[in-house]
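Below: one structure, written as structure tokens.
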Amino acid sequence: MGKTKKVNIARSLYWRIAAVFLLTMSCAGAIFMYIATDTAEMYFKEASQNMDRDLADHIASHTEPFVNGEINKAELDKTFENVMIYNSSTEVYLLDQSGTILSYYAPKSKVKAEKVDMEPIHQFLSDTTVQFILGTDPRHPEDQNVFSAAEVRQDGTLQGYIYVVLAGEEYTSVVDLLKGSYFVRLGGKGMLITLLASVVLGLVVLRLLTLNLNRIVAVVRRFREGDHDARIELQSKGELTQLAEDFNEMADTIVSHINEIKSVEQLRRELIANVSHDLRTPLAAIQGYAETLAIKRDSLTEEQKIKYTTIILQGTENVKKLVDDLFELSKLETKQIEAHFENFSLAELLTDVATKYALIAKKKGIQFDTTIPRDLPMIYADIALIDRVMQNLIDNALKYTSEGGRVAIQLNSNSKGMEVMVADTGLGIPEDQQPYIFDRYQQVGAPKEAGIGLGLAIVKKILELHQTDILVESKPNEGSRFTFLLPTVAPSFS
Ligand code: ADP
């Protein structure tokens, strides 16, 4: 059902555009034909006015239209007839000074106007350079026609005008006849061929265009229906390529946003589940000891009271650390923590960190060594985040190494950057577990004092922000070594 609808959209679009296109082409053809025939007719008229410009003058000078102030009808009829026999397309009139028709040679019913507009006649007589003037056509007062005109004077006094319509009724009907053959010759061949070629070409181009449009419509529909892998692939490059590329880019953006929303949502669910799970055990312990203290306050020895209070304090500290770690990791994962890069001395940072851990190591009976070469270059990183990485790694090293063991930290500058190494002679990690220790909540048969498996996940995320990775080499019961590389900056001598 959806498919037929989809195909119909493109088809109906094709036919609609095709119909509009054909209509436009036909209108353009008709307009062209009209202009062409009209221009040709005007050309013929202009030519006849040029050729027979002096005809009226000639008639006026060879006839005497007025005798003793009266119209010389007999002579006029004879002259007019002669002229019209000689050139059947002309019609001759005698006008008075105001343009009223005094005499003509034709059946009376044919002449419909009584007066001729004098304005074109004056223009014709005053300016002989004008090539084309239209005046009244007495047989067809609604049309205008080309003419020749001349003054009729007797003893120097203006008596009237000889007015000759040059392309008269006869001529017009011949032109009408010619129009047929003109159309067949010019319009029928040249025009029709041009029109047909344009139509065929136009329809082919239109078909190609709607084919691509069809593809785009299909992909957009698939995407809307949930196929987020749907992308437009056009076979030919054209006007729609940009549209297709823009759609593909938009689809990529939407998909990446959807994935981001999904991962944030997943994270949120995990966070809630894990927080409630991880808090339950320490909170239950805290509650248990607090209740014992409250109920058995009087029967407990002073020593027991101190022990329980210490356990409760330790418990709350663990809960606090757990909550802090969870929030830090989730912020890192949802990219809400941004690294603030700056140049600083890792050697100095490490010296500070080492001072704190040397004490803890001493308490646990672990040898704690730091190897920091002199004149190390600065590194370009986020100082607070790298401090956190070092603390998490050293925390683990001390946590998983037993009395008599050794924890060593080493800095080493090479051509790739600053290599940082935290090694211990502790518990070690089985090889098959090593790939997973950086995942959140991943703990490898950890002893009781182990945390909740967030430390290394935080380390990895922070190093990802610094576009670097961490490497682990470890053997059970021999120890572990964590190494990573940080970018250095060239030492400045200024
Ligand atoms: P935890 O809070 O449990 O220490 P981590 O993410 O820091 O979580 O470490 C994940 C797991 O990797 C630990 O539970 C432990 O099994 C293992 N691990 C990490 N560091 C060491 C180490 N230095 N020696 C041995 N095992 C380690």
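The values are calculated or read from the model by the stated rules, or taken from the named source; none is laboratory data. Only a predicted model underlies this, so the values are computations on that prediction, with no experimental measurement involved. Every residue, glycine as well, gets a Cβ built from its backbone with ideal geometry; the counts of neighbours run over all protein chains shown. These area figures cover heavy atoms from the full protein model, side chains too; ligands, DNA and RNA do not enter into them. Shrake-Rupley method; radii C 1.70, N 1.55, O 1.52, S 1.80 Å.
Excluding same-chain residues fewer than 8 positions from LYS305, which aspartates and glutamates have a Cα within less than 18 Å of its Cα?
In chain and number order, the partners are GLU291.
As a check on your grasp of the helix formula, calculate [θ] at 222 nm for the chain: sum -39500 (n - 2.57) over DSSP H runs of n ≥ 4, divide by the residue count, round to the nearest 500.
Per the formula, -19000 deg cm²/dmol.
Tell me, what % of the accessible area of the chain is carbon and sulfur with a 1.4 angstrom probe?
57
How much area per residue is accessible in the chain when the probe is 1.4 Å and only protein heavy atoms are counted (Å²)?
For the chain, the per-residue accessible area is 61 Å².
Using the structure shown, select from LYS262/LYS460; LYS321/LYS364; LYS364/LYS416 the pairs with a Cα to Cα distance greater than 26 angstrom.
Exceeds cut-off: LYS364/LYS416.
Under a crude label model (7 Å from the Cα following the beta-carbon direction), how far is ARG231 from LEU208 in nanometres?
Here the modelled spin labels are 2.5 nm apart.
Let me make sure I get this right: for the stretch 249-392, a, b and c are the square roots of the gyration tensor eigenvalues over alpha carbons, sorted descending. Under 1.5 in a/c it's rounded, otherwise prolate if a/b > b/c, else oblate. Which is it?
oblate
Each residue of the stretch 365-374 in turn: what ³J(HN,Hα) in whole Hz from Karplus with 6.51, -1.76, 1.60 and θ = phi - 60°, glycine and Pro shown as x?
x, 10, 6, 10, 10, 10, 10, 10, x, 6
Roughly what would the spin-label model give for ILE31 and TYR436, points 7 Å off Cα along C-beta, in nm?
Reported label-point gap for ILE31 and TYR436 is 7.8 nm.
What do you reckon, how do LEU158, LEU471, LEU486 stack up by accessible area (1.4 Å probe), largest on top?
LEU471, LEU158, LEU486
Can you give me the distance in nm between label points at ILE216 and LYS262, each placed 7 Å from the Cα along the Cα-to-Cβ direction?
Placing both labels 7 Å beyond Cα along the Cβ direction yields 2.8 nm.
For the stretch 375-431, list log₁₀ I(q)/I(0) at each q in 0.13, 0.29, 0.31 Å⁻¹, using the Debye formula over Cα point scatterers of equal strength and ignoring solvent, two decimals each.
Per q value, in the given order, log10 I(q)/I(0) is -0.42, -1.18, -1.25.
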